[in-house]
Amino acid sequence: MPPTRVPQQERSRATQARLLEATVDALVEHGWSGTTTTVVAARAGVSRGAQLHHYPTKAALVLAAVEHLAERRAAEIRAEAAALPAGPDRAGRVVDMLAALFTGPLFAAALELWVAARTDPELRAALVPLEARVGREMHRMTVELLGADERRPGVRESVQATLDLLRGLGVANLLSDDSARRAALLDTWKQQLGTILSR
């Protein structure tokens, strides 16, 4: 029996997925300046030609990688949240899941882009709308996971404060292990958030 041929479209998707994963890994390991398209292609096990075919510039490659992994992580969080029981502990468990997102490799890769975009106008022009879209989706997902009613006073601001707090704690954690301080702050915030959501 002859070997089954993989359709071109599936091979193309597989190549793109390898490139996107390799890009985030390179950003985390080498930072923006060390993440070259040559490094990514080698890490993904694809030719430079294949990499250029799918993503003709470094900025296009990196932005696609961050968007792809943000979507994948959001799907993972939704799946994890589906297993959470309803009740008074749910908000705290949701905050813990989101905190893991802001201390993971995707967040480190995104920070590399934010810093690089400060002085790279082309990257900034592409990154700002992407970050706005990802931010809106993150807010929407958090509202959904918490079962929050944003029509009630203070709820929308509390959801955004949660995300801003987690982002700041994630930044603080990059240079040193900030887990003890982060845990104490999050415990305090979870109690306050629970009170706000249950009013």
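The values are calculated or read from the model by the stated rules, or taken from the named source; none is laboratory data. Nothing here was measured: the structure is a model prediction, and the numbers come from that model. Cβ sites come from the backbone with ideal geometry, for glycine too, and all protein chains shown count toward neighbours.
Annotations for the structure displayed:
- Condition check for ARG199: closer than 30 Å to LYS58 by Cα and in contact with a helix residue (DSSP H, G or I) (Cβ under 9 Å, 6 or more places away or on another chain): no
- Hits in region 95-116 - residues which are hydrophobic (A, V, I, L, M, F, W, C) and touching a Gly at 6+ places or on another chain (Cβ under 9 Å): ALA99, LEU101, PHE102, PHE107, ALA108, LEU111, VAL115, ALA116
- Residue count for region 148-168, restricted to those that are touching a residue at least 60 places away in the same chain (Cβ under 8 Å) and either touching a Ser or Thr at 6+ places or on another chain (Cβ under 8 Å) or more than 16 Å from LEU185 (Cα to Cα) (or both): 2.
- Some residue of region 148-161 being within 24 Å of HIS68 (Cβ to Cβ) and of a type outside the set (Lys, Arg): no
Residue by residue, here is whether (1) buried (at least 17 other Cβ atoms within 10 Å of the Cβ); (2) under 13 Å from the mean Cα position of the chain (by Cα); (3) at pLDDT below 90 holds:
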{"position": "ALA50", "(1), (2), (3)": "yes, no, no"}
{"position": "HIS53", "(1), (2), (3)": "no, no, no"}
{"position": "ALA59", "(1), (2), (3)": "yes, no, yes"}
{"position": "HIS68", "(1), (2), (3)": "yes, yes, yes"}
{"position": "GLU80", "(1), (2), (3)": "no, no, yes"}
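- Out of VAL66, VAL46, VAL62, VAL24, one residue alone is more than 27 Å from PHE102 (Cα to Cα) and in contact with a helix residue (DSSP H, G or I) (Cβ under 7 Å, 6 or more places away or on another chain). It is VAL46.
- Residue within region 115-136 that is exposed (fewer than 14 other Cβ atoms within 10 Å of the Cβ), over 26 Å from ASP25 (Cβ atoms) and within 17 Å of the chain's Cα centre (by Cα) present: yes
- Scan region 82-112 for residues that are within 12 Å of the chain's Cα centre (by Cα) and either in contact (Cβ under 8 Å) with a residue 60 or more places away in the chain or surrounded by fewer than 19 Cβ atoms within 10 Å (Cβ to Cβ) (or both) and the total you get is 13.
- Selection status of ALA91, farther than 24 Å from SER12 by Cβ and not acidic (Asp, Glu): yes
- When the residues of region 23-48 are filtered to those that are within 18 Å of THR119 (Cα to Cα) and surrounded by 19 or more Cβ atoms within 10 Å (Cβ to Cβ), the one that is farthest from the chain's Cα centre (by Cα) is THR35.
- Those helices (runs of 4 or more DSSP H) of region 100-181 in which 3 or more residues are basic (Lys, Arg) occupy 121-146.
- All positions within region 161-187 that are under 17 Å from MET138 (Cα atoms) and surrounded by fewer than 14 Cβ atoms within 10 Å (Cβ to Cβ): ASP164, GLY168
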